[in-house]
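> Below is the structure I would like to discuss, written out as structure tokens.
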Amino acid sequence: MSVVIFDGKSIFGSGPVRVVIEPRGAVLIPRLRLNQPVSGSVLIGPAELVVQIRGRLVASDEATLRGLEQEALATLTNPPTVSRLVEPSGAQHDDMTYVSFERRGWGVAGSARDGLGEVGTIDRGREVSLAFVARFVRVNAL
């Protein structure tokens with residue numbers, strides 16, 4: 001399996017993950033959105049680097065799975081931590097900020113089945129697992 005490291009600590013356990021780099025390029029704002037009644041856009045600078053970690057938290061039982069989820073959520077600090085993100089491949093991204101953790105799955109908000117009151121189902125079998133997407137952003141300086 002694979003390990004993601006942020007701020008020197010392994011997060012998300014060793015379940016399977018996929019790393020997705022969001023599109024890179026420039027950020028443009030249409031002039032109409034700036035109340036300028038002319039065609040065209042205004043270039044405001046380069047797009048921020050955004051790295052998504054899509055994966056599954058995997059554990060032997062639900063209590064351990066909930067612990068993994070709580071660890072992932074505890075890493076979302078306020079104010080946010082700016083640190084190095086290391087992908088399972090060893091690729092490194094400096095000055096990244098962990099900005100969101102989202103459960104994924106077929107659950108319904110407030111589902112009594114999972115008891116956590118959030119969207120995202122816990123899959124049960126020999127092991128239990130929960131799909132997630134976490135986003136890390138290199139925030140552009142002002």
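The values are calculated or read from the model by the stated rules, or taken from the named source; none is laboratory data. All values reported here derive from a predicted model rather than from experimental measurement. Methodologically, a virtual Cβ is constructed for each residue, glycine included, from the backbone with ideal geometry; neighbour enumeration extends over all protein chains shown. SASA here: full protein model, heavy atoms, side chains in, ligands and nucleic acids out. Shrake-Rupley method; radii C 1.70, N 1.55, O 1.52, S 1.80 Å.
> If you go through region 82-113, how many residues are assigned to a loop (DSSP other than H, G, I, E, B) and modelled with pLDDT of 90 or more?
Qualifying residue count, region 82-113: 5.
> Output the residues belonging to region 12-61 that are of a type in the set (A, V, I, L, M, F, W, C) and within 18 Å of Asn140 (Cβ to Cβ).
Within region 12-61, Ile21, Ala26, Val27, Leu28, Ile29, Val42, Leu43, Ile44, Ala47, Leu49, Val50, Val51 qualify.
> Can I ask one more? Can you tell me which residue in region 115-134 is nearest to the chain's Cα centre (by Cα), limited to those that are buried (at least 18 other Cβ atoms within 10 Å of the Cβ) and modelled with pLDDT of 80 or more?
Ranking the candidates gives Ala134 first.
> Further, regarding this structure: Report whether or not Ser89 is more than 15 Å from Ala131 (Cα to Cα), under 15 Å from the mean Cα position of the chain (by Cα) and open to solvent by 40 Å² or more (accessible area, probe 1.4 Å).
no
> Show me the strands (runs of 3 or more DSSP E) found entirely inside region 1-81 where at least 1 residues are surrounded by 11 or more Cβ atoms within 10 Å (Cβ to Cβ) and of a type in the set (S, T, N, Q).
Qualifying strands (runs of 3 or more DSSP E): 9-11, 41-46, 49-59.
> Of everything in region 5-34, what is modelled with pLDDT of 90 or more and among the polar types (S, T, N, Q)? Give them in sequence order.
Across region 5-34, the qualifying residue is only Ser10.
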